[in-house]
Amino acid sequence: MESTGTVLRELRGAQKSSKGVSLYSRYVNRPAGRLLAAGAYRAGLTPNQVTMVSAAFTFSALAAVALAEPSWWLGIVVYAGLAVGFAFDAADGQLARLTGRGGPDGEWLDHVVDCAKMILVHTAVLISFYRFAELPADAWLLLPLGFLFVAVLTFCAGLLREQLGKGAARTAPGAAGATAPVSRVRAVALLPADYGVFVPVFLLLGAPVVFRAGYAVLAAVHALFLVAFLAKWFRELKALRAG
């Protein structure tokens with residue numbers, strides 16, 4: 001079997017484009033996923049098995065949010081579980097490209113796990129608020145519901161934009177042109193919308209008031225990004241039709 005160094009070199013040559021990817025995903029999560037993909041390759045795991053490992057870390061951490069009383073130690077455990085789960089989420093695709101064992105089933109499974117993650121992370125916060133928090137008003141329970149709406153709509157609209165764009169590109173003459181260069185400014189601007197930047201808010205679970213404030217700020221930021229994304233994606237799809 002190839003050495004870990006050889007596998008890592010092959011993985012570096014099997015990366016997706018960095019277009020539309022934040023600095024966190026580009027310089028933290030993808031490299032971490034590359035290391036995990038190399039380990040998974042040497043352990044003989046399939047990409048779908050790596051996806052399920054990602055789900056196990058993520059869903060266990062979210063169950064802890066919903067079931068355990070908030071504390072500093074809980075925050076550390078939850079953050080670690082979600083961060084590791086996110087890194088394994090980056091590893092499954094890299095392993096699939098390395099081994100050539102990717103396919104529609106793997107892509108489907110990856111999207112299903114991602115969608116479940118988006119739903120459960122805010123559902124877990126809602127349950128935690130209801131069970132443990134001394135809220136200033138019951139209206140605070142609407143915050144996780146609003147964040148859930150924003151997250152799911154962003155995920156579904158972005159996925160649909162990607163699929164419709166691929167379909168238009170296949171049918172448009174001369175569609176396989178040069179791709180736009182990767183923008184570092186855009187990579188920085190996308191940081192607030194990155195899941196990896198959202199996850200550290202759980203480190204504040206030991207200070208419930210501060211956690212609620214941080215969570216509310218992130219909800220507002222994600223809502224603003226949703227509006228911007230929807231407008232951008234609509235313009236892009238309309239331009240594809242006009243072209």
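Miscellaneous remarks
- Seen from a random direction on average, the alpha-carbon convex hull of the stretch 44-106 projects onto 4.6 square nanometres.
- Global geometry of the stretch 198-243, whether rounded, prolate or oblate, following the gyration tensor of its Cα atoms and the 1.5 cut on a/c: prolate
- Rg(Cα)/(2.2 N^0.38 Å) for the stretch 116-155, N = residue count: 1.16
- Simple spin-label estimate for A56 and A207 gives 3.5 nm between the two label positions (7 Å along the Cα-to-Cβ direction from each Cα).
- Label-to-label distance, nm, for residues given as L142 and T46 (7 Å Cα→Cβ offset): 4.7 nm
- Centroid-to-centroid separation of the stretch 61-87 and the stretch 192-237 [C-alpha atoms, Å]: 18 Å
- Of the residues K166, K238, K232, K117, ranked by 1.4 Å probe accessible area with the largest first, the sequence reads K238, K166, K232, K117.
- Average accessible surface for the stretch 22-147: 48 Å² per residue, computed with a 1.4 Å probe over protein heavy atoms with every protein chain in place.
- Site pair R235 and L164 shows an inter-label distance of 1.6 nm when each label is modelled 7 Å from Cα along Cα→Cβ.
- Portion, in percent, of the accessible area of the stretch 47-178 that falls on carbon or sulfur, probe 1.4 Å: 69 percent
The values are calculated or read from the model by the stated rules, or taken from the named source; none is laboratory data. The structure displayed is predicted, hence computed values, not measured ones. In this analysis, Cβ positions are derived from the backbone assuming ideal geometry, glycine residues included, and neighbour counts consider all displayed protein chains. Remember, those area values only see protein heavy atoms, side chains included, never the ligands or the DNA or RNA. Shrake-Rupley method; radii C 1.70, N 1.55, O 1.52, S 1.80 Å.
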